[in-house]
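None of the figures in this text is laboratory data; all of them are computed from the coordinates on show. Just so it is clear, the model here is predicted, and its values are computed rather than measured. Note: ideal-geometry Cβ built from the backbone for every residue, glycine included; neighbour counts use all protein chains shown.
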Amino acid sequence: MSQFIISARKYRPLKFKDVIGQEIITNSLESTISSGKLPHALLFTGPRGVGKTSCARIVAREINKFKIDDDYSYNVFELDAASNNGVDDIRNLIEQTRIPPQKGNYKVYIIDEVHMLSAGAFNAFLKTLEEPPKHCIFILATTEKHKIIPTIISRCQIYNFKRISNFDIIKNLEKICSLENISHDKESLQIIATKSDGSMRDALQLFDKVLGVSKEINKDAVQNNLNSLDINDSIKILDHILKKDIPNLIVEINNILNKGIAGEIFISTFSSFLRDILVSKNEHTMLLSHNEKAEIDNLSKYSKKLSYSIIIEILSILNQAELNFQKSLNQNLLIELTFLKITSLEHDDKKKK
């Protein structure tokens, strides 16, 4: 049996043009490298799975003018600060910087999750980071910039990576499906993109998970394997709420839970659905929706039936339910009670008046 390579590794970007959804950063890095004005210390910050480490490796390759298939292991040193966060680890790294590169012009030190370094390690690193040897470039990567001490940040040129849009994730997944001859539909890829929360790596992991049990990417396979709620299920729930049809609302809630959908996922997905209705009420905020145009048009119909104040109050109730979910002894009852509260909102409003 041949060894399986996960999609996140198989399709890892090898050039700046391959990086998904970070065009501003890749264009800036490319321009800086070509002009010979790359600073000695860079800080890549942003959510997980958006291309920080991939870009760091591409920078290392580009500044040394290595080809993709070259062995540049003597020039690139990666340190995981989550497990190597002590003073001794940084001192060992500093000792290595004194030795010039055997190949190419630069040695590149990539320190991942740099915010995990101890206070002593940060202090030991300060002087070297400010005045490193001419042949050294430091690239620090983090998901939590606020945990890095200001004296470190002030010595770096900062690049803020953003979450990848659903549009870009779907486009990349479609490209992979085409290369692998995988049958798919756009609605299924939309579910994967939404569930990945702007992370290309997470999207590819979910993509692999579905393909592990199905030869194609279709709606049933995605929903069954990713424990996800269909937008049509959310619409059915909302229809029952608007009609104040409590018996059918409770039945529909239990039908969804009996499919194996986790309660917290149910609440979270319905919250996102309501949020999309909220932003679809105005053409200025419509751009913030992660949905396709056809779905936005459908949501706009519901946005006319719900006022801003009602949507905000529903979201507040759902948010409170999420906070209380893990503490609840009867979680299914909590979900039912939450949606019964939402159904009674308009009645309560009239009562107050």
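Counting neighbouring Cβ atoms within 10 Å and putting the fewest first, the residues H284, H135 line up as H284, H135.
Sorting D168, D239 by the number of Cβ atoms found within 10 Å of their own Cβ, with the fewest placed first, yields D239, D168.
At q = 0.08 Å⁻¹, what log₁₀ I(q)/I(0) does a Debye calculation on the Cα points of the chain give, no solvent, two decimals? Evaluating at q = 0.08 Å⁻¹ gives log10 I(q)/I(0) of -0.53.
Each of the peptides 188-195, 160-167 was scored by the mean count of other Cβ atoms within 10 Å over its residues; in descending order, highest first, they stand as 188-195, 160-167.
Placing a label point 7 Å from the Cα of Q205 along the Cα-to-Cβ direction, the residues of segment 32-54 whose backbone N falls under 11 Å from that point are 48-49.
Each of V279, V222 was scored by other Cβ atoms within 10 Å of its Cβ. Arranged with the fewest first, they read V279, V222.
Spin-label model, L242/I99: points 7 Å from Cα along the beta carbon direction are separated by 6.9 nm. Scoring 311-322, 87-98 by mean Cβ neighbours within 10 Å over their residues and listing the highest first yields 311-322, 87-98.
Spatially, segment 150-190 and segment 1-33 are offset by 10 Å when compared through their Cα centroids.
Measuring nothing but how far apart in sequence close Cα pairs (under 8 Å, 6+ apart) lie, relative to its length, the chain scores a relative contact order of 15 percent.
Pop the C-beta distance of K37 and Y74 into the FRET formula with R0 = 25 Å and round what comes out to the nearest 0.05. Rounded to the nearest 0.05, the efficiency is 0.50.
In the chain, the calculated helix contribution to ellipticity at 222 nm averages -17000 deg cm²/dmol per residue, counting -39,500 (n - 2.57) for every DSSP H run with n ≥ 4. Once the Cα-Cα distance is subtracted from the 0.36 nm per residue extended length, the K65 to K175 segment shows a gain of 36.8 nm. Taking Cα atoms only, the orientation of helix 331-343 departs from the longest principal axis of the chain by about 60 degrees.
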